[in-house]
Amino acid sequence: MPRQHLIAPSLLAADFTRLSAEMQMVNRSEADWFHVDVMDGRFVPNITFGMFIVEAMKKMAEKPLDVHLMIVEPEKYIESFRKAGADVITVHHEACPHLHRTVHQIRETGAKAGVALNPHTPVSVLADLIEDIDLVCIMSVNPGFGGQKFIYRSLEKTRQLREMIDTANASVMIEIDGGVGLQNAESLLQAGADVLVAGSSVFSAPNPEDTISKLKAFKAGFDF
């Protein structure tokens, strides 16, 4: 049977003056997770929110928080973000010189452990770690800002990663983050994606709930 994919609307694209209403919309929708981008102005050229905002989001969320740490030295803050309510914690390969240790640090908190790869980073860097992680986030734009154009090389990276996971018989979800919308969701799912992070394509849509429903309705086209 086709693999059932997840939709994770990115709160970076939400209207922060109406954050409660935006989150209630996602709660009502067919979405599966909330995607929360944490940026420090150092690893990426932007600053968003920290653990206090994540804690406030957790109080409004009826679905898991998928927290993406686009920060340097993420190992210093993993326990704090888990305590704030993160259910999935993703760190960047490029920010972690001791990635194996950091992944296990995340798992020890009880959260799912994710690793994100910037557009220039090949999936081969995860060959020795693939059985230790729960999720790989392929950045299909340069991290830091929403609303960017999708990098189509990400489709081939997704196919390569799916082959690596299947060869290792590992239980790892592939998440795609950046420029995802109705125009490329089906291609990404067919390439092997499990989780689609959709920001502007959801929150800027005339009917966000309908857009989420349409993203959820696409078929992956491959079996377990």
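The values are calculated or read from the model by the stated rules, or taken from the named source; none is laboratory data. Keep in mind that this is a model prediction, so the values were computed, not measured. All Cβ positions, even for glycine, are placed from backbone atoms using ideal geometry, and neighbour counts span all protein chains on display.
Here are the numbers for the structure shown:
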| read-out | value |
| --- | --- |
| Pairs with Cβ under 8 Å, 6+ apart, first in the stretch 1-22 and farther than 16 Å from Met60 by Cβ, second acidic (Asp, Glu) and loosely packed, with under 11 Cβ neighbours inside 10 Å | Met1/Asp223; Pro2/Asp223; Arg3/Asp223 |
| Test: residue in the stretch 209-222 that is touching a residue at least 24 places away in the same chain (Cβ under 8 Å), buried (at least 16 other Cβ atoms within 10 Å of the Cβ), under 19 Å from Asp134 (Cβ atoms) and over 15 Å from the mean Cα position of the chain (by Cα) | yes |
| Yes/no for Ser140 being small (Gly, Ala, Ser), out of contact with any Leu (no Cβ under 6 Å at 6 or more places or on another chain), free of Cβ contacts under 8 Å to residues at least 40 places away in the same chain and more than 18 Å from Trp33 (Cα to Cα) | no |
| In the stretch 119-140, residue farthest from the chain's Cα centre (by Cα) [restricted to those that are assigned to a loop (DSSP other than H, G, I, E, B) and of a type in the set (Ser, Thr, Tyr)] | Thr121 |
| Among the candidates His93, His104, His120, residue that is under 19 Å from Val172 (Cα atoms), free of Cβ contacts under 8 Å to residues at least 40 places away in the same chain and surrounded by fewer than 16 Cβ atoms within 10 Å (Cβ to Cβ) | His104 |
| Residue identified as assigned to a helix (DSSP H, G or I), among the small types (Gly, Ala, Ser) and within 20 Å of Trp33 (Cβ to Cβ) among Ala56, Ala86, Ala116 | Ala56 |
| Meets criteria (of a type in the set (A, V, I, L, M, F, W, C) and farther than 20 Å from Val202 by Cα) for Ala84 | yes |
| Residue check, Arg18 of a type in the set (D, E, K, R) and either in contact with an Asp or Glu (Cβ under 9 Å, 6 or more places away or on another chain) or closer than 25 Å to Gln190 by Cα (or both) | no |
| Residues of the stretch 55-74 satisfying the condition of being of a type in the set (D, E, K, R) and buried (at least 20 other Cβ atoms within 10 Å of the Cβ) | Asp66 |
| Hits in the stretch 183-224 (condition: in contact with a His (Cβ under 7 Å, 6 or more places away or on another chain) and at pLDDT below 95) | Ala220 |
